[in-house]
Amino acid sequence: IMSPLPGTQLLDVAGGTGDISFRFVNFVQAQLEHRMRQEVKSHQNLTWQQIANRYHQNELNVLEGSRAIICDVNKEMLKMGKQKAKGHGIYTGLSWVVGNAEELPFDDDKFDFYTIAFGIRNVTHIDQALQEAFRVLKPGGRFLCLEFSHVNNPVISRLYDFYSFQVIPVLGELIAGDWKSYQYLVESIRRFPDQEEFKAMIEEAGFLKVNYINLSSGIVAIHSGFKL
């Protein structure tokens, strides 16, 4: 969905684990490596030294200015994300910032993409977080939100409700000794606006060309909008 180009600036909010940003960096790096291979193929007369120099220059500017900033209110989550980045061998193109989605510590018109995955549901004032997303995006920038949503198939909906309210809290108690947290998880999902309601909220924040894609019959949805 994102398909970032070299030089793209990404803000990943509530992304302390770094998963989206890791994919972003790997995608951009793969694009650059592919382009380098194509350039070498198109210059068959290059010497080995010239080829080595090109690859060395590419290593010095491995992402051509692309950067993912991971912003999370939880310092411990950011610490875990940094450790994961090392485990994945990612040492460039990432920045880690403590910040609140409702009051982002960034200038206006700064980012090409704003992503938030399974985080906006836990924001106290969703409308304020959406306004902040709009503010920090550049004109032409894109908002992308992955979040639990509402099932649109009646049969699956009944099964999902049974699993959510009767099974998940029990598993939470048996595995983690924590019924309340898992009960909160289920209830927070149910309280979150449905696909159309959330689409309207995104539009109210100023975004245009807003749409969404349902995954797994609406258990999860991806909402998208542009700052135009």
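Bear in mind these aren't lab numbers, they're just calculated from the coordinates by the rules spelled out. Not measured: the values here are computed from a predicted model. As a convention, Cβ positions derive from the backbone with ideal geometry for all residues, glycine included, and neighbour counts pool all protein chains shown.
Under the simplified labelling scheme, the residue 226-residue 187 pair shows an inter-label distance of 4.1 nm, with each label point 7 Å from Cα along Cα→Cβ.
Backbone geometry of the range 144-150 corresponds, through the Karplus equation with coefficients 6.51, -1.76 and 1.60 at θ = phi - 60°, to 3J(HN,Hα) couplings of 9, 10, 9, 8, 4, 9, 10 Hz, x marking Gly and Pro.
The slack between residue 138 and residue 95, meaning 0.36 nm per residue of separation minus the straight C-alpha distance, is 13.6 nm.
Full extension of the chain between residue 107 and residue 64 yields a length gain of 13.3 nm, computed as 0.36 nm times the residue separation minus the alpha carbon distance.
Scoring 67-77, 119-129 by mean Cβ neighbours within 10 Å over their residues and listing the highest first yields 67-77, 119-129. Within the shell of other residues whose beta carbon sits under 14 angstrom from the beta carbon of residue 218, the net charge comes to -2, with Lys and Arg scored +1 and Asp and Glu -1.
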